[in-house]
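The structure appears right after this line, and notes come after that.
The values are calculated or read from the model by the stated rules, or taken from the named source; none is laboratory data. Worth saying up front: this structure is predicted, and the values here are computed from it rather than measured. Virtual Cβ from ideal backbone geometry, glycine too; neighbours counted across all protein chains shown. Protein only, heavy atoms only, side chains kept; ligands, DNA and RNA dropped before computing areas. Shrake-Rupley method; radii C 1.70, N 1.55, O 1.52, S 1.80 Å.
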Amino acid sequence: MYIYTVKPGDTLLDIAQKNGVTISTLAAANQLNDPYKLPTGLALVIPGQSIRERRVAVYGYAFPEIPDAALMGALRYLTCVSVFSARTRIDGSIAELNDAELVRKCYVNGAAPVLTLTNQRESGGFSVDIAHAVINDEGIKKRLIQNVTEYLDRRNYFGLNMDFEYVAEEDRTLYTQFIVDLAAALRRGGYSFSVTLAPKVGREQPGLLYTAYDHAAVGNIADKVIIMTHEREYAREEPMAVAPIDRVRQVLDYAVMEIPAEKILLGIANYGYNWTLPCKKGAAARLLSLSEIPQTAYGQYADIRFDDTAQSPFFRYYDSAGTEHIAWFEDPRSIEAKLKLVSEYGLGGVSYWSINTLYRPNWEVLSGMFGIEKAFR
């Protein structure tokens, strides 16, 4: 496996012939809806013999309503599917999911389903108040832990992923104790346990996403720690790469100081953003599916460029109304750059947000570099 960047005048036939593969193989590997529309600068995966240095754990977040094509296209490459999400209620109960079919398909196809527990409101958004109520009341905490273990047993889950975000700084010690108590209950039941943490770059980093989380303590307790090296808040900032490699390195430099590297799963984004220029304060960029990038760029007569510092691709264009846009996204080159960090830092693997849209080139790059750990045979 290697990556080829489309040059002016290239056709898929030319590229296929030069690299000894068929057009159909090349189009399928790169999920090209129209193989005759290749924007200059597009990165293509050339399938071929690969040298896999080791096996890694691969997690992917999925919603219960995930399209079958996306799910079936991903399962063979996954260790665990993190089903998103069972929402914690302020009384310690949890909102149940329509997850039975997803759990069944995971087991049938060799991936272990894990339930993601969040402090999200049922209307959406993470809640400081829900986290505070659960952590500070011993009765509610015990009720939640019991409800979680019963749900895992009843729905035949393999384990739990905990993704509590926006926990108040004053709840730091109680949050860590909650992790300890939850982990003990899960281990008694034989369940795996992973925790998701925001991309912190230092122990004293301020902000609601960071101050309540003791990375060293969580790393000591959990089996795996997912580090979200992509921040969804970027969509409301000035245009930039979804996960610039220099920022990812900063996050990992701190993470490996606090958490055993083999427990860390590097968060990888399976999406891009399209900003309307000039940016208006607080206005969110439009989310882009990576599979739509080739047609979007070609249709807008845009050449795809690659930023060497961020190790990420982007393109600019003007729409029919004359409004300027810039799109930043992930492609095989940026994914390869992040996967190389897995080897460089000795990490345990990766976790994708999310697998709800299929992007086949990612799986081609991943499987070209690593074997996939499986939780069971």
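For the chain, the mean residue ellipticity at 222 nm estimated from helices alone is -10000 deg cm²/dmol, where every DSSP H run of n ≥ 4 contributes -39500 (n - 2.57) and the total is divided by all residues, rounded to the nearest 500. Under the combined filter of DSSP loop state and at most 12 neighbouring Cβ atoms within 10 Å, region 124-220 retains these GluC sites (Glu not before Pro): 204.
Checking every one of the GluC sites (Glu not before Pro) in region 25-112 against DSSP loop status and a limit of 14 other Cβ atoms within 10 Å picks out 53, 65, 96. DSSP loop trypsin sites (Lys or Arg not before Pro) in region 212-316 with at most 12 other Cβ atoms within 10 Å of their Cβ, which ones? Passing both the DSSP loop test and the Cβ count: 280, 281. Per-residue 3J(HN,Hα) values for region 364-374, derived from phi via the Karplus relation 6.51 cos²θ - 1.76 cosθ + 1.60 with θ = phi - 60°, read 5, 5, 4, 6, x, 10, 9, x, 10, 5, 10 Hz in sequence order (x marks Gly and Pro). Measuring max minus min along each principal axis, the C-alpha atoms of region 274-377 give extents of 54, 28, 27 Å (largest first).
Note on region 171-305: Rg/Rh from Cα positions, Kirkwood definition for Rh, rounded to two decimals, is 1.07. Rg and Dmax, both from the Cα atoms of region 29-121 and both in Å, are 17.7, 56. A 1.4 Å probe run over region 219-377, with the rest of the protein chains in place, finds 41 Å² accessible per residue.
Annotation: Cα Rg of region 89-159 relative to the compact-globule expectation 2.2 N^0.38 Å equals 1.22.
Computed over protein heavy atoms with a 1.4 Å probe, the carbon and sulfur contribution to the accessible area of the chain reaches 49%. Please compute, over every Cα-Cα pair in the chain, the percentage with a separation greater than 37 angstrom. Every Cα pair in the chain considered, those over 37 Å come to 21 percent.
Summary: within the chain, the longest segment free of chymotrypsin sites (Phe, Trp or Tyr not before Pro) located in DSSP loops with at most 12 other C-beta atoms within 10 Å is 37-300. Cut-off 13 Å, label point 7 angstrom out along Cα-to-Cβ of residue 143: give me the residues of region 166-188 whose amide nitrogen falls inside. Within reach of a label on residue 143, which here means backbone N under 13 Å from a point 7 Å along Cα→Cβ, region 166-188 contributes nothing.
When only alpha carbons of region 99-238 are considered, Rg and Dmax amount to 15.5, 47 Å. Given R0 = 25 Å, the distance between the Cβ atoms of residue 201 and residue 262 translates into a calculated FRET efficiency of 0.75. Working from label points 7 Å from Cα in the Cα-to-Cβ sense, the residue 300 to residue 323 distance is 1.2 nm.
Here the convex hull built on the C-alpha positions of region 334-377 has a volume of 100 cubic angstrom per residue.
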